[in-house]
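Engineer: Let me give you the structure first, and then I'll get to my questions.
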Amino acid sequence: MTTGYTAEQLRTAAAEAVRAPSLHNTQPWRFRLVDGGIELAVDPLRRLPATDPSGWGARIACGAALFNLRLALAVAGTPATVRLRPYPGDPDVVARLVPDVPRRPTPAEQSLHGAISRRFSNRAPFWPDPVPADARWRLGEAARAEQCWLELVIGTTAVNAFAEIARSAHRVLERDPAYVTERTRWIRSEPSPDGVPTGAGGPQSEPQDLLPQRGFGGRDRAPGRDFEPEPLVAVLGSTGNTATDQIVAGQALQRVLLTATDAGLAVSMLSQPIEVPGAREALRLSLGRFGTPQMVMRIGFGQPGRTTPRRPVDEVLDLPVVH
Ligand SMILES: Cc1cc2nc3c(=O)[nH]c(=O)nc-3n(C[C@H](O)[C@H](O)[C@H](O)COP(=O)(O)O)c2cc1C
């Protein structure tokens, strides 16, 4: 193929890409058309210096947006060939997508694409019903299809050991005033195109909770409405931990999240044990896996909830670069 993508194709696909999750809903991405190729870059103005000093979270979010972008282009009949981090001199550019041979989308692409607009982080308690074996298998396959692994933490002992690692990481983070200030700055009690709305924050945490909840100013909890006693915890990992591995993991994360949504499952993310280096290593050792944990998810059957706002797509598009 010699012809490139058009500005209209970019705009349509970017509008779906921005539905990806991001730390504190910062939406740290920019999109532009360069010589007929779509380029996705980290937005340096939306970094979180205290929460995400290494840029791991921004790369995971951009990887997730990249997966949506790939799906949107494929479903429109113009799938992309993707190069990750194409410019060594410009590491903020996450990917460059050029048109591949046009083809019809596969049924799998169509169902994952259909889940983009329905997916959201569900931080409320889930029903106690277990996640069926075939759905667990599909989630693992979704991670493997994107060169990552998904380890399910099974059994009370393993879940309790994980919870201990997660709670201690949470305590370490909460002791850092810069981290707390940053988290508080992204809580939104009024309608806003970014940040975490208080209504999406889940119920206030209580001492009996097994897993630590990042505080986003959630609602008071109705009496007796506790979290599920044995949550399904899933750890997503990649083979390495380079910047490229993190972008790969972001794509795998989104594929797992969309697969869960398509299977009628709810998910919330908890990344405290990823953000604290000692906790991340303890988690890796407890799983007995090579590679690096990149995200933790709580998966189950949730109550209905709402998607969170995004900035208008035109705010994340850069004007075409003219040579
Ligand atoms: C790298 C990363 C880390 C995240 N960590 C957490 C977390 O620790 N706790 C949490 O409740 N949500 C976490 N999230 C979810 C975001 O807060 C959420 O995606 C964002 O607010 C947008 O909401 P949505 O997922 O409903 O679209 C994380 C998301 C990403 C991409």
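The values are calculated or read from the model by the stated rules, or taken from the named source; none is laboratory data. For clarity, every value in this text was computed on a predicted model and none was experimentally measured. All Cβ positions, even for glycine, are placed from backbone atoms using ideal geometry, and neighbour counts span all protein chains on display. Just so you know, the surface numbers come from the protein's heavy atoms only, side chains and all, with ligands and any DNA or RNA stripped out. Shrake-Rupley method; radii C 1.70, N 1.55, O 1.52, S 1.80 Å.
Engineer: Could you calculate the FRET efficiency of D220 with R175 from 1/(1 + (r/R0)^6), where r is the beta carbon distance between them and R0 is 30 Å, rounded to 0.05?
Structural biologist: The computed FRET efficiency comes out at 0.75.
Engineer: Of the peptides 252-261, 14-23, how do they stack up when ordered by the mean number of other Cβ atoms within 10 Å, highest first?
Structural biologist: Result, highest mean first: 252-261, 14-23.
Engineer: Return a whole-number percent for the relative contact order of region 176-221, with Cα pairs under 8 Å and 6 or more residues apart as the contact set.
Structural biologist: Dividing the mean separation by the residue count of region 176-221 yields 33 percent.
Engineer: A further question follows. Given a 1.4 Å probe and heavy atoms of the protein chains only, how would you sort F227, F162, largest accessible area at the top?
Structural biologist: Correct descending sequence by accessible area is F227, F162.
Engineer: Further question: Given the DSSP H assignment, sum -39500 (n - 2.57) over each helix run of at least 4 residues in the chain and divide by its residue total; what's the result at 222 nm in deg cm²/dmol, nearest 500?
Structural biologist: Working: 9 runs with 116 residues, N = 323.
-11500 deg cm²/dmol, from helical runs alone.
Engineer: Where in region 227-323 are there GluC sites (Glu not before Pro) that are in a DSSP coil and have at most 14 other Cβ atoms within 10 angstrom of their Cβ?
Structural biologist: none
Engineer: In whole angstrom, note down how far apart the Cα centers of region 183-219 and region 82-133 are.
Structural biologist: Each part reduced to its Cα centre gives a spacing of 25 Å.
Engineer: Estimate the FRET efficiency between Q303 and E190 by the formula 1/(1 + (r/R0)^6), using the beta-carbon distance for r and 25 Å for R0, to the nearest 0.05.
Structural biologist: Once rounded, the FRET efficiency stands at 0.55.
Engineer: Would you tell me the accessible area of Y87, worked out with a 1.4 angstrom probe on the heavy atoms of the protein chains, in Å² to the nearest 10?
Structural biologist: In the full protein context, Y87 sits at about 80 Å².
Engineer: A further question on this structure: Using Cα pairs closer than 8 Å and at least 6 residues apart in sequence, work out the relative contact order for the chain, in percent. Mind showing how you got there, number by number?
Structural biologist: Details: 643 pairs, mean separation 82.2, N = 323.
Reported relative contact order: 25 percent.
Engineer: Using just the C-alpha positions of the chain as equal point scatterers, what log10 of I(q)/I(0) does the Debye formula give at each q in 0.08, 0.13 1/Å?
Structural biologist: For the chain at q = 0.08, 0.13 Å⁻¹, log10 I(q)/I(0) is -0.34, -0.94.
Engineer: Using the crude model of +1 on Lys and Arg Cβ and -1 on Asp and Glu Cβ, and no other charge, please compute the dipole size for region 90-230 relative to its Cα centre, in debye to 20.
Structural biologist: Here the size comes out at about 280 debye.
Engineer: Still on this structure: Rolling a 1.4 Å sphere over the protein heavy atoms, what is the accessible area per residue of the chain, to the nearest Å²?
Structural biologist: 45 Å²
Engineer: Determine the dipole magnitude for region 1-138: charges of +1 sit on the beta-carbon of Lys and Arg, -1 on that of Asp and Glu, nothing else is charged, the reference point is the Cα centre, and the result goes in debye to the nearest 20.
Structural biologist: For this selection, approximately 160 debye.
Engineer: At a temperature of 20 °C and a viscosity of 1.002 mPa s, determine how fast region 109-186 diffuses translationally according to Stokes-Einstein, using the Kirkwood radius over alpha-carbon pairs as Rh; express D in µm²/s, rounded to the nearest whole number.
Structural biologist: Rounded to a whole number, D works out at 132 µm²/s.
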